[in-house]
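Shown next, in structure tokens, is the structure this report addresses.
We did not get these values from a lab; they are worked out from the coordinates using the rules stated. Only a predicted model underlies this, so the values are computations on that prediction, with no experimental measurement involved. Positions of Cβ are backbone-derived with ideal geometry, glycine not excepted, and every protein chain shown enters the neighbour counts.
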Amino acid sequence: MSSEEALGSALSHWFSFNSWWLLLPFVMLLVVAAFIVAFVLLLYMISPLISPKPLKLNGAHVVVTGGSSGIGKCIAMECYKHGAFITLVARDEHKLVQAKKEVEKCAINDKQVCISLVCLYIFKCTYAQEKLGPVDMLVNCAGTSISGKFEEVEVDRFKKMMEVNYLGSVYPTRAVITTMKERRMGRIMFVSSQAGLIGLFGYTAYSPSKFALRGLAEALQMEMKPYNIYVTVAYPPDTDTPGFAEENKTKPLETKLISETAGVCQPEQVAKVVVKDAVQGNFSSSFGPDGYMLSALTCGMSPVTSITEGLQQIVTMGLFRTIALFYLGSFDSIVRRCMIQREQSKAADKRE
Ligand SMILES: NC(=O)C1=CN([C@@H]2O[C@H](COP(=O)(O)OP(=O)(O)OC[C@H]3O[C@@H](n4cnc5c(N)ncnc54)[C@H](OP(=O)(O)O)[C@@H]3O)[C@@H](O)[C@H]2O)C=CC1
Ligand SMILES: CCCCCCCCCCCCCCCC(=O)[C@@H](N)CO
């Protein structure tokens, strides 16, 4: 037999029906291994997408900082309408008394209680817990805004923004978190802003304090998830509140025109949406079509709480970025037009 013939017969023997049987266990092993790998990968992908169990607001104790006015007051009223017990926290006692009355009007049963606390950073948690039991949901809504051109905003205002909007949310959260961890349940809400997702003309002091809340919320959520505590960040657009009216007195024209893109909404509507999202344990809570696009576009590495949310982000990302480029173009042109107008009116003043 020549060597070629020998090779031929060896090969034909190798490929004969009988010898395939020898390979079968290996093939099966490979298939099983592939299934296991696919299953593990799927588990990894699905596990962050599993939705949390909704919180029962009926009988729950909800603490709202900044609960004496605007969005905070409406959040308190919305929770009261669902049977919650409320602690309102703010500095001005007069406003608090007024707000407490309004909240109490929303009662759905006669067991409900609403108490108010005059304090801010050092939130008297023990007192509130003695009165109404452990805190089930904390809403960090106390905050304020400063707008103006970067070089015209005094340096200590930048500090004030971080103190009120950022640290003003850290301290109350610190006060409630240990008990929440022990009880393995709870909700923490941070009220940021659309200006906490996009930096806008006039908000060099305000925006960073709202961006900071997102960082805090992401880190905190990763720590708290195994304890069944869910964090929500709300990103409302301009909302018709006393705080907003105050802000408008000194807001640069550019900031007004750019913010108008997303419109002005009512605090009651915002409250409804954010309370629903917090109850469901959604990480981000947005309002209106612009808000939805903005939060999907800026999802980054933030947690997801449902399969639909994850899929929507995957599918819409490119489209929303395309739309965003048009928005950015229009914001640039607003800024340019305002600058030219200012220069022209300055020149006219000089001529006179
Ligand atoms: N209105 C809007 O257009 C938008 C608002 N937001 C955010 O929502 C939150 C609530 O806003 P809004 O309802 O408009 O505000 P309001 O000014 O109407 O209410 C603010 C609340 O926070 C309390 N507060 C605590 N500390 C301060 C402080 N240093 N300065 C001012 N108020 C303080 C106030 O009570 P007291 O003064 O007695 O302490 C009050 O209860 C804020 O964090 C704001 O940044 C986000 C997006 C849009
Ligand atoms: C696909 C991409 C869509 C992009 C849409 C962009 C819309 C930007 C509008 C920003 C509005 C900011 C309002 C801030 C309100 C606020 O925090 C203060 N009023 C507080 O008092």
Between the DSSP loop rule and a limit of at most 15 other Cβ atoms within 10 Å, which GluC sites (Glu not before Pro) in region 115-198 are left? Glu154
Length released on extending from Asp332 to Glu163, taking residue separation times 0.36 nm less the Cα-Cα span: 57.8 nm
Looks like region 94-144, by Cα gyration tensor root eigenvalues a ≥ b ≥ c and the a/c under 1.5 rounded cutoff (else prolate when a/b is bigger than b/c, oblate otherwise), is oblate
Under 10 Å, Cα contacts only: if you run a Gaussian network model on the chain, which one of Val335, Val113, Val164 comes out with the highest mean-square fluctuation? Val335
Subtracting the Cα-Cα distance from 0.36 nm times the residue separation, let me have the gained length for Thr144 to Ile340 in nm, one decimal. 67.5 nm
Reachable lysines from Lys53, criterion Cα separation under 20 angstrom, eight or more residues apart if same chain: Lys181, Lys225, Lys272, Lys276
Do any trypsin sites (Lys or Arg not before Pro) in region 176-257 lie in a DSSP loop with no more than 16 other beta carbon atoms within 10 Å, and if so, which? Arg184, Lys249
What number, rounded to the nearest 500 deg cm²/dmol, is the helix-based mean residue ellipticity at 222 nm of the chain, given -39500 (n - 2.57) per DSSP H run of at least four residues and division by all its residues? -18500 deg cm²/dmol
Once you charge only the Cβ atoms, +1 for Lys and Arg and -1 for Asp and Glu, what is the size of the charge dipole of the chain about its Cα centre, to the nearest 20 debye? 940
If you bin the C-alpha pair distances of the chain every 20 Å from 0, what whole percents do you get? 26, 45, 16, 8, 4, 0
Please compute the contact order of the chain in relative form: average sequence separation of alpha-carbon pairs under 8 Å and at least six residues apart, divided by the residue count, as a percent. 16
What FRET efficiency would be calculated for the residue pair Lys276, Leu325, taking the C-beta separation as r and a Förster radius of 25 Å, to the nearest 0.05? 0.20
Extreme residue, positive dipole direction of the chain, given options Met77, Ala347, Tyr235 (C-beta unit charges): Met77
